[in-house]
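I have placed the structure first, in the form of structure tokens, so that the comments after it can refer back to it.
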Amino acid sequence: MKRHQCKLFVCEEIIINILNRLPLKSLARLQCISKEWRKYIAEIYHCRLQWPQPYLICFFCVEKRLQSRFFFSSKESSLVIGTSLDESVSLIGERVYVVASSSGFLLCNKLKSRQRIYYVYNPATRQRFDVPKTRILMNDPRVGFMVKETNESVSFTIVRYGVHRAYFHDLYSSVTIEIFSSETNIWTANKLTVDERLLFYPYRDETSSSSACVVDRVFCWLCNYPQQVTVYDSVKKCFWALGLPDWTWFLYPGYSCLGLSGGELCFASNGGTAISCWRINNFPSRNPVWVWKYDIDVATVVQKCREDFGLGGGNAPGFKVRNMVFHPALPDILYLQIRSKVISYDMKTSSAELVHDFGEAWRKTVHYKLFSYEWPQWPHLQ
Amino acid sequence: MITLQSSDKDVFEIEQSILIQSGTIKNMVEDDFTFIPLPSVDTETLIKIIEYMKKHADKTDSKEKNIKEFDKDFMKKTLNELFALVFAANYLHISSLLELLYPSIADRIKDKITEAIRQIFSIRCDFTPEEERRIIMDNKWAHEGTEIEGTLD
């Protein structure tokens, strides 16, 4: 006969060893067990926050199915993250699709709201902010999203702009820019006349990235035509253009990408046989210089991946790359979506690793968007 | 051959080569003990410990997959049994078994409600209800989610 028996005494060493294996969320929850546990947990939690953070690459399927998926690109994530984040996004409760991410927060657009209703959501902590409706209706705006998190609070800025042109060859464009700040909780709109040959033809197809890389409150978008980086400085409140180091056929996500990696602006251009990677390290000064970093031979990568990861054969390997994204912290790593698999390619060591397999026919993954989603800092223990 | 005696006074004769996985026993063997009483380990638990050590004594490459399977099944026990094992492994200094037990126990308890945890670990809450409520409110995000359960096993 053994009824459930309470342990008489579990020594401190054992308790701490067990607590050490709990994910952060459980630790935070179990603080209220007793004063002693709270003490142990505070110390473990504090140490855990010093660990190198795992980085997640986030996938969103645009259009029809609108499923959001997360997966880990790092192996040591289970103690920090604990459970899957996939279901968390559906907790938003609305039909949304993700537009941008910053510091672990996602900017989502409500479906069928004509891009006027936004939510800011953290899938790890489930914090949610409902943004008031935008004042202006814009046709397919470019969006920028920046989050600032301190110990006490979270504040964020959303920037969106649309271009009006009267004529195709009109040199003077007017831009309507609308900015939301969580501190004021209102949208402010401005119409700017831009007299540089900037926003000539804001051609975008559904798969191009509409969200900005943000460096020091400066927002950057990759622009299709003309090929440039469109920059908005939210401090000086002006637009300017940054030339690209290389010319490509299309600024389609598989052919080029602009990203922020380790605080530096990076650009990759896929010419079909080789992907060239560039970096700027004196941005956002007005005369930045692109420095060439790497050339990746695409055929070799795809060939290697075919052997290692079972990717299909065929010609024109360069055009099999459907999406490219830079690792948010390590500029030597580029994520490539090749058909229905995502590979992380380390340009320094020329090694590839399979990160995710959609497990679907690759034509179904054609409209997938890739976001690099930085793992958030957990809220501090209160 | 070394003789181990459980708290229930049952004796087991095991080869030295298997038992040296336990740091405690290894030390005693080096001091020439051949009879080792273990007053804090009951028979049931000792049998399991011996089973574990026997399996892990033979660490050839071909057996590695077997050992992994064994370890997985070995952890499929009640929480009570796991705790008994962790006390014994702690006392006997069997680090490989501890490395197996800690994450297994952590995994079992990670989603349990606070009352269940207090019962399992026999902890008295020394917060006032007010203080406890405050801590929960301040860390609201950690208490959200559907996974939390209240069983004691």
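A few notes on this one:
- The conditions of being within 12 Å of another protein chain (Cβ to nearest Cβ), surrounded by fewer than 16 Cβ atoms within 10 Å (Cβ to Cβ), touching a helix residue (DSSP H, G or I) at 6+ places or on another chain (Cβ under 7 Å) and free of Cβ contacts under 8 Å to residues at least 60 places away in the same chain are met by B:Thr151.
- Residue in region B:50-57 that is at pLDDT 90 or above, within 14 Å of chain A (Cβ to nearest Cβ) and surrounded by 12 or more Cβ atoms within 10 Å (Cβ to Cβ) present: no
- Where strands (runs of 3 or more DSSP E) sit wholly within region A:101-145, those with at least 3 residues that are in contact (Cβ under 8 Å) with a residue 24 or more places away in the chain occupy A:105-110, A:118-121.
- Residue match in region A:103-118 (condition: buried (at least 20 other Cβ atoms within 10 Å of the Cβ), within 20 Å of the chain's Cα centre (by Cα) and over 19 Å from A:Phe219 (Cβ atoms)): no
Condition check ((1) in contact with a Leu (Cβ under 8 Å, 6 or more places away or on another chain); (2) farther than 30 Å from A:Asp233 by Cβ; (3) modelled with pLDDT of 80 or more) across all residues:
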| position | (1), (2), (3) |
| --- | --- |
| A:Cys277 | yes, no, yes |
| A:Ile280 | yes, no, yes |
| A:Ala299 | no, yes, no |
| A:Glu307 | no, yes, no |
| A:Gly318 | no, yes, no |
| A:Arg322 | no, yes, no |
| A:Pro331 | no, no, yes |
| A:Leu334 | no, no, yes |
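- Test result for B:Ile123, touching a Gly at 6+ places or on another chain (Cβ under 6 Å) and either crowded, with 22+ Cβ neighbours inside 10 Å or farther than 19 Å from B:Ser22 by Cβ (or both): no
- Taking the numbered list (1) within 14 Å of the chain's Cα centre (by Cα); (2) closer than 30 Å to A:Ala28 by Cβ; (3) hydroxyl-bearing (Ser, Thr, Tyr) in turn, B:Thr114 passes all entries but (1).
- B:Thr24 being touching a helix residue (DSSP H, G or I) at 6+ places or on another chain (Cβ under 6 Å) and modelled with pLDDT of 90 or more: yes
- Any hit, region B:61-73, residues being under 11 Å from the mean Cα position of the chain (by Cα), more than 9 Å from chain A (Cβ to nearest Cβ) and over 25 Å from A:Leu24 (Cα atoms): no
- Test: A:Thr188 is assigned to a strand (DSSP E or B), surrounded by fewer than 13 Cβ atoms within 10 Å (Cβ to Cβ) and modelled with pLDDT of 90 or more: yes
Conditions tested, residue by residue: (1) outside any helix (DSSP H, G or I); (2) within 9 Å of another protein chain (Cβ to nearest Cβ); (3) in contact with a Phe, Trp or Tyr (Cβ under 7 Å, 6 or more places away or on another chain); (4) modelled with pLDDT of 90 or more.
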{"residue": "B:Glu81", "(1), (2), (3), (4)": "no, no, no, yes"}
{"residue": "B:Ala88", "(1), (2), (3), (4)": "no, no, no, yes"}
{"residue": "B:Ser96", "(1), (2), (3), (4)": "no, no, no, yes"}
{"residue": "B:Leu101", "(1), (2), (3), (4)": "no, yes, no, yes"}
{"residue": "B:Asp107", "(1), (2), (3), (4)": "no, yes, no, no"}
{"residue": "B:Arg124", "(1), (2), (3), (4)": "yes, yes, no, yes"}
{"residue": "B:Phe127", "(1), (2), (3), (4)": "yes, yes, no, yes"}
{"residue": "B:Glu130", "(1), (2), (3), (4)": "no, no, no, yes"}
{"residue": "B:Trp141", "(1), (2), (3), (4)": "no, yes, no, no"}
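- Extreme residue, surrounded by the most Cβ atoms within 10 Å (Cβ to Cβ), among residues of region B:58-111 that are closer than 18 Å to A:Glu12 by Cβ and β-branched (Val, Ile, Thr): B:Val86
- Inside region B:109-122, residues that are among the charged types (D, E, K, R), at the interface with another protein chain (Cβ under 7 Å from one of its Cβ atoms) and part of a helix (DSSP H, G or I) make up a count of 1.
- A:Gly162 meets each of the listed conditions (1) modelled with pLDDT under 80; (2) under 30 Å from A:Tyr368 (Cβ atoms); (3) within 14 Å of chain B (Cβ to nearest Cβ); (4) surrounded by fewer than 21 Cβ atoms within 10 Å (Cβ to Cβ) apart from (3).
The values are calculated or read from the model by the stated rules, or taken from the named source; none is laboratory data. Given the structure is predicted, the values throughout are model-derived calculations rather than measurements. Using ideal geometry, Cβ is built from the backbone for each residue, glycine included, and neighbour counts are taken over all protein chains shown.
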